[in-house]
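Asks: Quick one: the structure is below, questions incoming.
The values are calculated or read from the model by the stated rules, or taken from the named source; none is laboratory data. As the structure is a computational prediction, the values presented were derived from the model and not from experiment. With ideal geometry, Cβ positions are generated from the backbone for all residues, glycine too; neighbour counts draw on all protein chains shown. The protein model used for the area step is the full one, side chains on, heavy atoms only, and it has no ligands, DNA or RNA in it. Shrake-Rupley method; radii C 1.70, N 1.55, O 1.52, S 1.80 Å.
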There are 2 protein chains.
Amino acid sequence: MQKKTSHAAGLHRASLKKLHDLDAALELMYYGWRGMTLSADEYLATLGLSRPHHRILYVVARQPDISIGSLIEILGISKQAVNRPLGLLLERKLLISKRSPEQHRSKLLRLTEAGQRIEQRASGYERKVLREAFDRVGPPGAAAWMAVMGAIADSN
Amino acid sequence: MQKKTSHAAGLHRASLKKLHDLDAALELMYYGWRGMTLSADEYLATLGLSRPHHRILYVVARQPDISIGSLIEILGISKQAVNRPLGLLLERKLLISKRSPEQHRSKLLRLTEAGQRIEQRASGYERKVLREAFDRVGPPGAAAWMAVMGAIADSN
DNA sequence: TTTTTCATGTCAACATAGTTGACGTTAGGA
DNA sequence: TCCTAACGTCAACTATGTTGACATGAAAAA
């Protein structure tokens with residue numbers, strides 16, 4: 001049996017020599033992303049679900065009766081990549097797809113109550129992390145964070 | 001041929017109904033991460049490399065003569081997962097491993113000049129995105145961003 | 001009306017990044 | 001010396017994504 005290096009050893013944030021003044025910020029982005037998603041991912045894993053499933057649930061929760069095509073556009077992955085996680089969610093009845101009789105061309109997705117519960121809880125873990133961090137710096141800090149992230153997000 | 005939905009359709013940030021006040025922040029984290037890594041990933045792809053290769057190069061650049069074991073601990077993935085990308089980097093001579101004659105138990109990793117160039121450039125794309133965002137909000141905003149990200153990163 | 005076009009969704013094959021398990025080798029402590 | 005544990009490698013598997021091929025239904029053009 002392997003003892004110490006077998007499992008994902010805990011993040012180990014810090015301790016790297018900084019070659020540039022922005023290295024610290026760069027690493028913060030990495031560990032921040034991990035920090036936000038960690039507890040949600042652990043919860044999802046207990047249900048046999050993971051990040052892609054959550055992303056689908058998140059979007060459908062906020063846009064009921066969305067078509068698969070629009071879902072794909074928002075997620076930014078190929079329709080084939082959506083297919084398997086989507087299939088699992090349908091099979092587990094966390095969401096349902098109906099075709100409206102007259103718009104037979106696309107399927108409309110909607111969360112079931114079970115799906116809503118899971119989405120709520122998983123996203124709740126992520127929001128909790130954000131809320132605590134925001135509380136620690138106060139509203140001006142939170143606003144600054146949003147401004148920086150907006151600038152980064154729009155940089156492409 | 002597929003027309004519109006075949007490739008990763010561009011992010012589409014926004015436009016989702018917000019169910020909670022922190023939903024916007026949550027989405028910003030997602031798109032921020034994408035925004036920061038996008039151009040670096042595109043550059044790496046032209047070389048047949050990707051994110052895991054870059055992470056290895058990044059760490060080794062900042063800790064020359066690191067052992068594989070320590071590398072694993074910092075990256076937070078299993079040693080087996082490191083094995084393949086590491087092998088490619090060695091094969092391409094972007095880094096070299098030497099065993100010191102007396103410490104025969106572990107290999108020491110170090111970047112070659114070619115490896116340094118690629119690491120510089122890839123990380124440079126990421127820093128550029130951060131720098132531009134920081135410039136837009138000024139030093140206090142940047143400091144606030146760092147504070148929030150630090151709190152998030154340490155939340156586990 | 002018939003034909004063509006195209007968005008839509010599904011299936012199959014493949015690539016990549018991660019996991020666990022098994023194992024050989026080396027170093028160091030009892 | 002011998003036993004244990006760290007180190008690293010190889011093989012097999014899972015999951016998330018990719019492209020390609022294709023069936024189907026709606027709508028537009030002929």
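Asks: Which one of these is open to solvent by 50 Å² or more (accessible area, probe 1.4 Å), under 19 Å from the mean Cα position of the chain (by Cα) and aromatic (Phe, Trp, Tyr): B:58, B:43, B:125?
Replies: Within the list B:58, B:43, B:125, the selection yields B:125.
Asks: Now a separate question. With (1) open to solvent by less than 50 Å² (accessible area, probe 1.4 Å); (2) closer than 27 Å to residue A:147 by Cα; (3) in a loop (DSSP other than H, G, I, E, B) as the list, and residue B:24 as the residue in question, which single condition is left unmet?
Replies: Of everything listed in (1) open to solvent by less than 50 Å² (accessible area, probe 1.4 Å); (2) closer than 27 Å to residue A:147 by Cα; (3) in a loop (DSSP other than H, G, I, E, B), residue B:24 misses just condition (3).
Asks: If you don't mind, another one. Among A:91, A:132, which is the only one that is more than 9 Å from every other protein chain (Cβ to nearest Cβ), free of Cβ contacts under 8 Å to residues at least 24 places away in the same chain, open to solvent by 80 Å² or more (accessible area, probe 1.4 Å) and acidic (Asp, Glu)?
Replies: Matching residue, one of A:91, A:132: A:91.
Asks: So which residues in segment A:67-87 are among the hydrophobic types (A, V, I, L, M, F, W, C) and either assigned to a helix (DSSP H, G or I) or in contact with a Leu (Cβ under 6 Å, 6 or more places away or on another chain) (or both)?
Replies: Those that are among the hydrophobic types (A, V, I, L, M, F, W, C) and either assigned to a helix (DSSP H, G or I) or in contact with a Leu (Cβ under 6 Å, 6 or more places away or on another chain) (or both): A:68, A:71, A:72, A:74, A:75, A:81, A:82, A:86.
Asks: Specify the residue that is nearest to DNA strand C (Cβ to nearest atom); the eligible residues are those in segment A:52-70 that are touching a helix residue (DSSP H, G or I) at 6+ places or on another chain (Cβ under 7 Å), of a type outside the set (Val, Ile, Thr) and facing chain B (nearest Cβ under 10 Å).
Replies: A:55
Asks: So for segment B:119-127 (the condition being within 14 Å of DNA strand C (Cβ to nearest atom) and part of a helix (DSSP H, G or I)), does at least one residue qualify?
Replies: Yes: segment B:119-127 contains one or more residues that are within 14 Å of DNA strand C (Cβ to nearest atom) and part of a helix (DSSP H, G or I).
Asks: Right, something else. Can you tell me which condition residue A:80 does not meet? The list is (1) more than 9 Å from DNA strand D (Cβ to nearest atom); (2) open to solvent by 40 Å² or more (accessible area, probe 1.4 Å); (3) not acidic (Asp, Glu), and all the others hold.
Replies: Only one criterion in (1) more than 9 Å from DNA strand D (Cβ to nearest atom); (2) open to solvent by 40 Å² or more (accessible area, probe 1.4 Å); (3) not acidic (Asp, Glu) is unmet by residue A:80, namely (1).
Asks: Which residues, taken from segment A:94-122, are surrounded by fewer than 19 Cβ atoms within 10 Å (Cβ to Cβ) and in contact (Cβ under 8 Å) with a residue 60 or more places away in the chain?
Replies: A:121
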